[in-house]
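The values are calculated or read from the model by the stated rules, or taken from the named source; none is laboratory data. If you're wondering where the values come from, they're calculated on a predicted model, not measured in any experiment. Using ideal geometry, Cβ is built from the backbone for each residue, glycine included, and neighbour counts are taken over all protein chains shown. When the accessible area is computed, the model is the full protein with side chains, heavy atoms only, and any ligands, DNA or RNA have been set aside. Shrake-Rupley method; radii C 1.70, N 1.55, O 1.52, S 1.80 Å.
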Amino acid sequence: MMPVATVMPDDTPMFDPRILHELDWSENTTTFSPAISPLDPGDGLVLRPLCTADLNRETFEHMKRLGDYFVTVVEDTNLGQIVATATLVIEHKFTHSCAKRGRIEDVVVSGECRGKQLGKLLISTLTLLSKRLNCYKITLECLPKNVDFYKKFGYLVSEENYMFQRFFN
């Protein structure tokens with residue numbers, strides 16, 4: 001098994017992979033059975049930042065330059081494919097003296113990898129990462145059917161309503 005955050009020599013990671021090593025996993029509140037962690041996500045799997053080879057270079061460079069995107073992926077090294085991903089976006093809130101607010105988005109696990117706890121691993125990792133980055137809070141939006149899943153990580157249902165306007169498909 002390859003260690004967490006292994007990066008090919010010609011790949012540039014979106015963020016410093018060492019930050020994943022430095023997470024205090026003892027602060028994790030979720031249990032895994034069988035046990036997995038960022039350092040050991042499962043046989044043939046590696047948890048790492050998104051890299052240049054994973055995405056259109058222009059899009060990648062734009063997100064990396066902003067410095068507030070922490071796209072984290074699980075790669076199946078046997079297949080050479082990303083099988084799960086989630087994004088932590090950091091916002092600097094004017095009303096909180098530019099304090100950081102984390103927001104989890106785009107949690108996706110491929111169909112063939114569901115049931116391997118990869119979604120749990122990504123949510124736990126990004127929750128701890130937001131704490132490590134000194135976010136004063138972290139939020140996410142989900143469908144009502146997924147609320148119980150996120151409650152396992154200490155997330156609470158907000159009294160606020162989530163509203164949107166869509167401009168493009």
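Please determine whether any residue of the range 79-91 is open to solvent by 40 Å² or more (accessible area, probe 1.4 Å), of a type outside the set (Val, Ile, Thr) and assigned to a helix (DSSP H, G or I). No, that holds for no residue. Annotation note: Cβ proximity below 7 Å between a residue of the range 90-108 that is more than 15 Å from Arg132 (Cα to Cα) and a residue that is open to solvent by 50 Å² or more (accessible area, probe 1.4 Å) and among the aromatic types (Phe, Trp, Tyr) (sequence gap 6+ or interchain) occurs for His96/Tyr136.
Of the residues making up the range 62-78, not one is exposed (fewer than 13 other Cβ atoms within 10 Å of the Cβ) and either of a type in the set (Phe, Trp, Tyr) or in a strand (DSSP E or B) (or both).
Might you let me know whether the range 14-21 holds any residue that is modelled with pLDDT under 90 and open to solvent by 10 Å² or more (accessible area, probe 1.4 Å)? Yes, there is a match, as at least one residue in the range 14-21 is modelled with pLDDT under 90 and open to solvent by 10 Å² or more (accessible area, probe 1.4 Å).
If only one of Gly119, Gly102 is touching a strand residue (DSSP E or B) at 6+ places or on another chain (Cβ under 9 Å), farther than 23 Å from Arg18 by Cβ and at pLDDT 95 or above, which one is it? Break it down stepwise before answering.
Values: Gly102 fails: farther than 23 Å from Arg18 by Cβ.
None of the others qualify; the one that does is Gly119.
Looking at Asn134, Asn169, just one residue is of a type in the set (S, T, N, Q) and within 22 Å of Asp24 (Cα to Cα), and that residue is Asn134.
Only one entry in Thr59, Thr30 is part of a loop (DSSP other than H, G, I, E, B), open to solvent by less than 70 Å² (accessible area, probe 1.4 Å) and of a type in the set (Val, Ile, Thr), namely Thr30.
Against the condition in a helix (DSSP H, G or I) and without any contact (Cβ under 8 Å) to a residue 40 or more places away in the chain, how does Gly115 come out, does it pass?
no
Condition first: part of a loop (DSSP other than H, G, I, E, B), touching a residue at least 24 places away in the same chain (Cβ under 8 Å) and small (Gly, Ala, Ser). Can you find one or more residues in the range 140-162 that meet it? Scanning the range 140-162 turns up at least one residue that is part of a loop (DSSP other than H, G, I, E, B), touching a residue at least 24 places away in the same chain (Cβ under 8 Å) and small (Gly, Ala, Ser).
Val107 falls short on exactly one of the conditions (1) open to solvent by 90 Å² or more (accessible area, probe 1.4 Å); (2) within 11 Å of the chain's Cα centre (by Cα), and that condition is (1).
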